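The structure appears right after this line, and notes come after that.
Values in this text are rule-based calculations from the coordinates and carry no lab data. What you see is a predicted model; the values in this text were computed from it and never measured. For neighbour counting, all protein chains shown are included, and Cβ atoms are generated from backbone atoms with ideal geometry for every residue, glycine included.
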Amino acid sequence: MARTDIGPPDYRLMLPETITSNYGKWKYHEILKPGVMKHVSETGDELYTVRAGSPRLVSIDFIRDICDIADKYCDGHLRFTSRFNIELMTPKKENVDGIIGDLKKLGLPIGGIGDCISNIVHTQGWIHCHSAATDASGLVKSIMDELYEYFTEFKLHAKLRIAVACCINMCGAVHCSDLAVVGIHTTPPKVNHEKLASTCEIPSVIASCPTGAIRRHSDKNINSVEVREERCMYCGNCYTVCPSMPLADPDGDGVAIYVGGKVSNSRKPPMFSRLAVPFIPNNPPRWPEVTSILKKIVEVYARDSKKYERLGEWIQRIGWERFFALTNIPFTEQHIDDFTYATETFRATTQFKW
Amino acid sequence: MARTDIGPPDYRLMLPETITSNYGKWKYHEILKPGVMKHVSETGDELYTVRAGSPRLVSIDFIRDICDIADKYCDGHLRFTSRFNIELMTPKKENVDGIIGDLKKLGLPIGGIGDCISNIVHTQGWIHCHSAATDASGLVKSIMDELYEYFTEFKLHAKLRIAVACCINMCGAVHCSDLAVVGIHTTPPKVNHEKLASTCEIPSVIASCPTGAIRRHSDKNINSVEVREERCMYCGNCYTVCPSMPLADPDGDGVAIYVGGKVSNSRKPPMFSRLAVPFIPNNPPRWPEVTSILKKIVEVYARDSKKYERLGEWIQRIGWERFFALTNIPFTEQHIDDFTYATETFRATTQFKW
Amino acid sequence: MASDTPLLDELEKGPWPSFVKEIKRSAGKSPKAKDLLGVVEQSYKDKITHWKHGGIVGVTGYGGGVIGRYTDIPEKFPNAEQMHTIRVNHPSGWFYTTKALRTVCDIWEKHGSGLTNMHGSTGDIILLGTDTDQLQPAFNTLTENGFDLGGSGSALRTPSGCVGPARCEWACIDSPHLIYDLTQTFQDELHRPRWPYKFKIKASACPNDCVAAIARADFTIIGTWRDSIRIDQAAVKEYASKGLDIENLIVARCPGQALEYDAKAQKLSVKPQDCLRCMHCISKMTKAIRPGKETGATILIGGKAPILRGAFLSWVLVPFIKVEPPYTEIKELLEKIWDWWDEHGRNRERIAETIGRLGLKDFLKAVDLKPIPQMVYHPRSNPFVFF
Amino acid sequence: MASDTPLLDELEKGPWPSFVKEIKRSAGKSPKAKDLLGVVEQSYKDKITHWKHGGIVGVTGYGGGVIGRYTDIPEKFPNAEQMHTIRVNHPSGWFYTTKALRTVCDIWEKHGSGLTNMHGSTGDIILLGTDTDQLQPAFNTLTENGFDLGGSGSALRTPSGCVGPARCEWACIDSPHLIYDLTQTFQDELHRPRWPYKFKIKASACPNDCVAAIARADFTIIGTWRDSIRIDQAAVKEYASKGLDIENLIVARCPGQALEYDAKAQKLSVKPQDCLRCMHCISKMTKAIRPGKETGATILIGGKAPILRGAFLSWVLVPFIKVEPPYTEIKELLEKIWDWWDEHGRNRERIAETIGRLGLKDFLKAVDLKPIPQMVYHPRSNPFVFF
Ligand code: SRM
Ligand code: SRM
Ligand code: SRM
Ligand code: SRM
Ligand code: SF4
Ligand code: SF4
Ligand code: SF4
Ligand code: SF4
Ligand code: SF4
Ligand code: SF4
Ligand code: SF4
Ligand code: SF4
């Protein structure tokens, strides 16, 4: 009988020696160059961290390669960040260049620390999820190729966090990211009438729809449901509850782009990301329309923002009317909220810009 | 047969000569002293305005008294303001003191212009309305007696607008006032089962309740409705629709105080007033608990605000946590919203004051 | 002799003018006013209202303009049994000749209690307290003398506007004329209730909004300008030399961060594209700063009190519109709004609530307006988008 | 020879490391990885996913930790027919010895596709792609080597926390230890789904919130302090002399307007009662400013993604709490929350949605907390108040 409920390994056994002895005693840090920082302890000890980008979807051989570097320079320790990056740490300044060299040999970018774009928080997509309206890994690769230098160099006034989710379940902090790409459907589910009754509970299916779009089939001889299409906003919740309600559609599926969210409490409270581009059809393998509009937004932001201003803070200062004008993104009826709190987003003042 | 649809008199026939000839040509104005301002025209003409408070509920003899003054000094013209004040206008500077003297003889306060408290926008109350949970005129009189000097002197950093409504229908801009006193019920309607069926349509009564608290009487022999009391928040909408659902209750009725609203677009966009004191039982004829808490708020605001800062702007700057601390008003579960947009008011940041 | 109204008598004391004194003044001549005093004293004793739900009373040809009212203690105060209110439409800007006012007083002396509200909070002259049989005669005499009724019920309500160009240097539109013209044009809508619920129009000639239109009107017209504020540098210098702290009180309070002040040169400049036309700098430096020249109005929709879906402030609908007689564009817009609301609105549903229920998108289509970012504080955050 | 995967091959180009390359690396050894490549290429062609709704698979004694997955084109890619995922709970702070990592790799070489996500976005090690019959053996070997599964389904999900005091000078709480302790304490809740829906715990040791807890955790713990930030004036001078524009970049950006800078003396002072503990000045002047000494955490409730009532950020629940082992108060609070939610939550309703539906008032009572102004941005504006 296998052991159960042992929980994860004790993290204390995983810490490098310099961390164990300086735990809670760090005094300050400095960013030395892209992807490299130095933490200095009250004890006088120093810790150098080199951060490298990772595709997240990695083979065990990839992990072993990284382990080799950690064995060589870091006494066999390493960590990952909350955004999937790899961090190699050493108390020895002289190891830094070796680490960087070996990481580069593996083809990994050094960067993501400080005022730059870090790795993209993302999800499964066509690699693994039944729910996906787009692929995640392919989008991430395409976007990071396009924005590569924003990871490896300091070209921004603040951190810029990108997230990709392959459906509106939004696995990740997509709803609060500076830039968010979200897979969406734009066609209602196609009900599989043969299978529905045997695979799903009809009342739960009906109840799952937030807009009440689903009802029993009007033909009493068909033991199934039907969708009032004009009420459906393609959320996919019915599909989550019932496999016989698939939404995936080669032409109807694609992505939306949301912008201006943040999570930190620094300066401005956390903010939700808000709709910038309602729909771009899937165009694999490289989604060129998506990457180019993202690049455009990043460039305008980089140029127009003030130091230390996150993307959402910048938009708050200049106003959304200016944001749409500067980025040349058309404003459409889809941008106007019509969900529960919609009226709270309507502008109730004569204060606006032309 | 009477004439119909003639509409109101043409205002142009009502304008004093100086206004007719300077219409649209005003250049600037100056506030000379409490209740007195001078407008200067591009043409060089001047117009002096004296503003006096009024109880609003006035007799025709009162109106005639004012007309006498207007005849004496103002060529037989006068106006009222959007807050029920009286304005006597003259191009002749030398008339100002005479106007003030005569108004004072009638017992009317001069003031309400500039950074001060103006007249209270208010409603019918026990004078005329079936809906009233409190009286309006009596509250207004009691409050203005207490805050009199804030009308006749410049003791504030900005305008302060008070409104009183005798029920939550809020006839007036109560929901956007610096200080608002609102009559509220705190007990559910008492259904008159004998009369209900004959006076009201039962389905409309049931439909009128926003919280779904009303249903058909559980005893089928009684052709009436019953109220699930725990679901009732005493809005009175059922009573508006059906006279057999009265809510008035000597002990349950009273007022709530809302603060920090504004209407102008100056500096900050318009704001809603927000709950400060959930309930104070009616204590006629002078509602001493109400007047004293209002005075307290005004005093704290007068002391703690910055120049040109409206009450709501002041609270926005110092934070509600500080407002409740400074005014010593207890914060209760009633202050926390539980209506449609409630969750939008919950604080989603670690930014707050202790 | 002990007073009959010991509680109300308390409200004759104190410096603020007393409504009790006013009722007593009328009570001397009008039994109705006298019994009103009694009913109100009773309410002060009982701490509840003594007015019943109003019955339907009115004048021939009109569906509104009168609020029927009966006391629930007619046995004690028979003269107050009927206490109907007549709403009389005020002249734009609440300007009067004493002649006109005295005429109203005389009519009300003859046909009513002699008590009034100057004014009701929608803006009407409120003639407070009369009997059913006096309604028609009172109305007839009023119209003979050039006055007409205001609105009530599920109709257009008496429109009102700020004093505007009549006496204010900041007026960007002619609010009194606009209000007068709209009131005259929509007499039928005002007098014959036929909509889902009430509908209010208010106009302020600049964003200071001195009639609180944005909070109280379904259709809110607020004067504004499309070009730049105008700054007179000589006058700026004068303010500066008189000690106004321009940096902290004006520049720092500008919500658009549109102002810059050169303290040495005492020169104030504006980035017009950043100005939100809030009025602050203009209001506080009226001799030095004025609105632009290309004036017009912003139209907003949906302001209302909390019953039933919560209070709403009006929302931007048309960022800029020229406001010139005969105001055709505005009137056409109103007609389109009413058509849509009349068709889709539920009973007792204000326009904001209908829009909230059906979505701004449908509404915009119906009134032929394009979605633009000025209509919202920010775009949606949720992904529940219809295509 | 033409490639079988022309579309995916495109994604091997470009400077960012390629996941396609990684799949191909595994494909060399694992038929499952090879067929996965085929399935994904097919999706790239068809522009739809080729994965079916997962069936229920798992390991003995657990209700979660495994995501069952089957392709809908097994006829073309038989080795990808089953493609289950194992979620392995990461060590706090995502620290590893190479030994531990290599062990995981070896296990996954033997029992799975050799593909992983380092990490999943909840924080687990994701072992991507294996067959049903490999689940139990893989699990057995994992636990033998000190690893255990993470959460899935309507259960507690794998808690995670920022690196905290392990490497960050701003940590106000010991996030790695707290997360480890809570994870160990609530093993049962993690492994045996029994709630209305999922429940997530995340801890960041300061308000910079480096695990995005406020947006992604139902129960959010964020380090903070109750006294004043500490300023080292000598270090301030150093920043000033190195050219940092303290006035514009630090003082003017302080959301509490709590800072004052004397440019002449190069002295920075704080009004502690106005500081909102936002971290800005500390983050940008880390050698000169640090959090206070009286540290602890703010607890917030309800963060989540948009399904189904819209996304929520976590809301302040406990403004300040001491965070010291054995964390009894926090654990008791969690139990109370779960009890209430378990009783009142509907199926697939996150805690925020239950609170939204039933009101914060009821919830606060159930968890023995008093309403305080810190819980809201502002009090209610509507008058629809229950008494
Ligand atoms: C390593 C990591 C924590 C971990 O346990 O893994 C981390 C570590 C640090 N963060 Fe962070 N943050 C990490 C994710 C985050 C996140 C979460 C996220 O991105 O999903 C946030 C919230 C982002 C947001 O608001 O959307 C975050 C918001 C910050 C901030 C506030 C930034 C702001 O201006 O809003 C700071 C302070 C700063 O940059 O001035 C900060 C500062 C730092 C410092 C300087 C703290 C320190 O002294 O060690 C660390 C390195 C800085 C850097 O990367 O620039 N960290 N940091 C995470 C690295 C992720 C990565 O690989 O890129
Ligand atoms: C694997 C992972 C994405 C990834 O690639 O990293 C993931 C994958 C799935 N998530 Fe997730 N979620 C993952 C982290 C998240 C997060 C982020 C987080 O936990 O910090 C979120 C947003 C935060 C939140 O919980 O609100 C998230 C919000 C959802 C939701 C929407 C929940 C909501 O209340 O809005 C669903 C829908 C559902 O539960 O039915 C969902 C459902 C799913 C399911 C189980 C699909 C489903 O409908 O059954 C996905 C299985 C995919 C697969 O085939 O492997 N997943 N999911 C993440 C878990 C890995 C791990 O354990 O480390
Ligand atoms: C006479 C009147 C218009 C009318 O048609 O009747 C009027 C007239 C003027 N208003 Fe007003 N306002 C009048 C009601 C309002 C209202 C509506 C209300 O109170 O219900 C508001 C919006 C109040 C609010 O925001 O809640 C209003 C907000 C302003 C403002 C903006 C104040 C602010 O800081 O928010 C100014 C500009 C200022 O004071 O600097 C202003 C300025 C003015 C000026 C100076 C304009 C001018 O040059 O003539 C006028 C005299 C100033 C004064 O009273 O201090 N007026 N003003 C109204 C007098 C009411 C009264 O008897 O007190
Ligand atoms: C007389 C007046 C109060 C006053 O003392 O000044 C008044 C009196 C009544 N209002 Fe009002 N409202 C009056 C201005 C307002 C205003 C202010 C305004 O128009 O600028 C409002 C808020 C703005 C708005 O319309 O939203 C207002 C919002 C209401 C409401 C709530 C409407 C809503 O949608 O939230 C009701 C309830 C209803 O219609 O059933 C209401 C209903 C009533 C009724 C008819 C009572 C009822 O339930 O049938 C009151 C008759 C009292 C009586 O016995 O005379 N009254 N009412 C005002 C009209 C006088 C006039 O014509 O000048
Ligand atoms: S975001 Fe949607 S499609 Fe992507 S992994 Fe999560 S549930 Fe699956
Ligand atoms: S996709 Fe969403 S809106 Fe459409 S039918 Fe399914 S549950 Fe309803
Ligand atoms: S606020 Fe209520 S009680 Fe007062 S007049 Fe209006 S409807 Fe009547
Ligand atoms: S008072 Fe309001 S909440 Fe109570 S029963 Fe009547 S309509 Fe419903
Ligand atoms: S709204 Fe503007 S134009 Fe009208 S009176 Fe007020 S300040 Fe003057
Ligand atoms: S009107 Fe308002 S927004 Fe425009 S410059 Fe003046 S203060 Fe700034
Ligand atoms: S949340 Fe704060 S304590 Fe934790 S790593 Fe980020 S900056 Fe450091
Ligand atoms: S931590 Fe933030 S709020 Fe506090 S003083 Fe520094 S910048 Fe201001």
### Query
Based on the alpha-carbon gyration tensor of segment D:1-44 and its eigenvalue square roots a ≥ b ≥ c, which shape applies: rounded if a/c is under 1.5, prolate if not and a/b is larger than b/c, or oblate?
oblate
## Note on the structure
With 0.36 nm assigned to each residue of separation and the Cα-Cα distance removed, C:Lys237 to C:Glu343 gains 32.4 nm
### Task
Work out the length of the dipole vector of segment D:257-387 about its Cα centre, built from +1 on the beta-carbon of each Lys and Arg and -1 on the beta-carbon of each Asp and Glu, and round it to the nearest 20 debye.
560
#### Entry: Ascending count of other beta-carbon atoms within 10 Å, so fewest first, for D:Cys105, A:Cys242
D:Cys105, A:Cys242
### Task
Describe numerically, in nm with one decimal, the distance between label points set 7 Å from Cα along Cα→Cβ at C:Lys267 and at A:Glu30.
4.3
### Query
Using a label position 7 Å from Cα in the Cα→Cβ direction, what is the ascending list of nm distances from A:Arg231 to the same site in the other copies?
2.1
### Task
Please determine, in degrees from 0 to 90 and to the nearest 10, the orientation of helix B:60-73 with respect to the longest principal axis defined by the Cα atoms of chain B, where the helix direction is its Cα long axis.
20
### Message
How compact is segment A:8-104 by the rule of thumb for globular proteins, expressed as Cα Rg over 2.2 N^0.38 Å?
### Response
1.06
### Query
Hey, if you drop one equal point scatterer on each alpha-carbon of segment C:190-269 and run the Debye formula without solvent, what base-10 log of I(q)/I(0) do you get at q = 0.15, 0.16, 0.17, 0.21 Å⁻¹?
-0.71, -0.76, -0.81, -1.00
### Query
What share of the DSSP beta bridges in segment C:72-214 is antiparallel, in percent to the nearest 5?
75
### Rg over Rh, two decimals, chain B (C-alpha only, Kirkwood Rh)
1.04
### Query
For segment B:243-332, what is the largest minus smallest coordinate of the Cα atoms on each principal axis, given in angstrom and ordered from greatest to least?
48, 27, 25
### Message
Are there any chymotrypsin sites (Phe, Trp or Tyr not before Pro) in segment D:170-261 that are in a DSSP loop and have at most 11 other Cβ atoms within 10 Å? List them by number.
### Response
none
### Cα-Cα pairs of segment C:57-109 separated by more than 18 Å (percent)
53
### Query
Which value, in debye to the nearest 20, describes the size of the charge dipole of segment B:149-212 about its Cα centre when Lys and Arg Cβ atoms bear +1, Asp and Glu Cβ atoms bear -1, and nothing else is charged?
40
### Query
In this model, which of C:Lys45/C:Lys200; B:Lys38/C:Lys304; A:Lys262/D:Lys331; A:Lys295/C:Lys267 are farther than 31 Å apart at the alpha-carbon?
C:Lys45/C:Lys200; B:Lys38/C:Lys304; A:Lys295/C:Lys267
### Task
Please report the Cα spread of segment B:146-250 along all three principal axes, rounded to whole Å, starting with the longest.
65, 22, 21
### Message
Give me a comma-separated list of calculated 3J(HN,Hα) values for segment D:285-291, in order, Karplus coefficients 6.51, -1.76, 1.60 applied at θ = phi - 60°, integers in Hz, x for any Gly or Pro.
### Response
10, 5, 7, 10, 10, 9, x
### Query
How much of the calculated P(r) for segment D:238-356 lies past 26 Å, in percent of all Cα pairs?
45
### Summary
Mean projected area, convex hull of alpha-carbon positions in segment C:71-221, reported to one decimal in nm², is 10.0
## Note on the structure
For chain D, shape from the Cα gyration tensor axes a ≥ b ≥ c, cut at a/c of 1.5 then a/b versus b/c, turns out prolate
### Message
Which of the three applies to segment C:293-356, rounded, prolate or oblate, going by the alpha-carbon gyration tensor with a ≥ b ≥ c and a/c under 1.5 meaning rounded?
### Response
oblate
### Task
Take the Cα radius of gyration of segment C:113-193 and divide it by 2.2 N^0.38 Å, with N its residue count; two decimals is plenty.
1.25
### Summary
Inter-copy distances for D:Asp262, nm, shortest first, label points 7 Å along Cα→Cβ, are 3.2
### Query
Hey, what do the phi angles of segment D:145-150 turn into as Karplus ³J(HN,Hα) couplings, whole Hz, using 6.51/-1.76/1.60 and θ = phi - 60°, x for Gly and Pro?
9, x, 9, 9, 7, x
### Query
Counting alpha carbon pairs within less than 8 Å and at least 6 residues apart, what relative contact order, in whole percent, applies to segment B:297-354?
30
## Note on the structure
Each label sits 7 Å from Cα toward the beta-carbon; between C:Glu335 and A:Glu42 the label points are separated, in nm, by 7.9
### Task
Could you run the Karplus curve 6.51 cos²θ - 1.76 cosθ + 1.60 with θ = phi - 60° over segment D:99-114 and give me ³J(HN,Hα) per residue in whole Hz, x for Gly and Pro?
4, 4, 5, 5, 4, 4, 4, 5, 4, 6, 5, 6, 9, x, 6, x
### Task
Considering only chain C, pick the residue with its Cβ nearest the axis of the rotation onto chain D, and state the distance in whole Å.
C:Ala252, 5
### Task
With runs of 4+ DSSP H residues as the only contributors, calculate the mean residue ellipticity of chain B at 222 nm using -39,500 (n - 2.57) per run, divided by the residue total and rounded to the nearest 500.
-8000 deg cm²/dmol
### Query
Which value at 222 nm does chain C reach when only helices count, each DSSP H run of 4 or more adding -39,500 (n - 2.57), with the total divided by all residues and rounded to the nearest 500 deg cm²/dmol?
-9000 deg cm²/dmol
### Query
When chain C is modelled as a GNM with alpha-carbon springs shorter than 10 Å, which of C:Pro371, C:Pro165, C:Pro306 fluctuates the most?
C:Pro306
### Task
Would you mind working out the magnitude of the charge dipole of chain C relative to its Cα centre, with +1 at each Lys and Arg C-beta and -1 at each Asp and Glu C-beta, to the nearest 20 Debye?
800
### Query
Of A:His175, A:His39, how do they rank once you tally other Cβ atoms within 10 Å and put the fewest first?
A:His39, A:His175
#### Entry: Debye log10 I(q)/I(0) for the protein assembly as shown, one point scatterer per Cα, at q = 0.06, 0.07, 0.08 Å⁻¹
-0.62, -0.82, -1.03
### Query
For segment D:1-113, what are the per-bin percents of Cα-Cα distances with bins 5 Å wide, up to the bin holding the maximum?
2, 10, 16, 19, 20, 16, 11, 5, 1, 0
### Selection from A:Ser137, A:Ala180, A:Trp320 lying farthest towards where the dipole of chain A points positive, charges on Cβ
A:Trp320
### Query
Normalised by the number of residues in chain D, what is the relative contact order in percent for Cα pairs under 8 Å and 6+ residues apart?
11
## Note on the structure
Copies of B:Lys306 compared via label points 7 Å along Cα→Cβ give distances in nm, shortest first, of 1.5
### Query
Which trypsin sites (Lys or Arg not before Pro) does segment B:201-271 hold that lie in a coil by DSSP with at most 16 other beta carbons within 10 Å?
B:Lys220, B:Arg228
### Task
Using just the alpha carbons, could you tell me how many Å³ per residue the convex hull of segment A:145-186 encloses?
91
### Query
For C:Val270, D:Val59, what's the fewest-to-most ordering of other Cβ within 10 Å of each Cβ?
C:Val270, D:Val59
#### Entry: From the C-alpha gyration tensor of segment C:137-278, square roots of 5λ in Å
43, 16, 11
### Message
Could you tell me the calculated FRET efficiency between B:Lys190 and B:Asp71, based on Cβ-Cβ distance and R0 = 41 angstrom, to the nearest 0.05?
### Response
0.20
### Message
Give me log10 I(q)/I(0) at q = 0.11, 0.16 Å⁻¹ for segment B:78-194, Debye formula, one equal scatterer per alpha-carbon, no solvent.
### Response
-0.46, -0.83
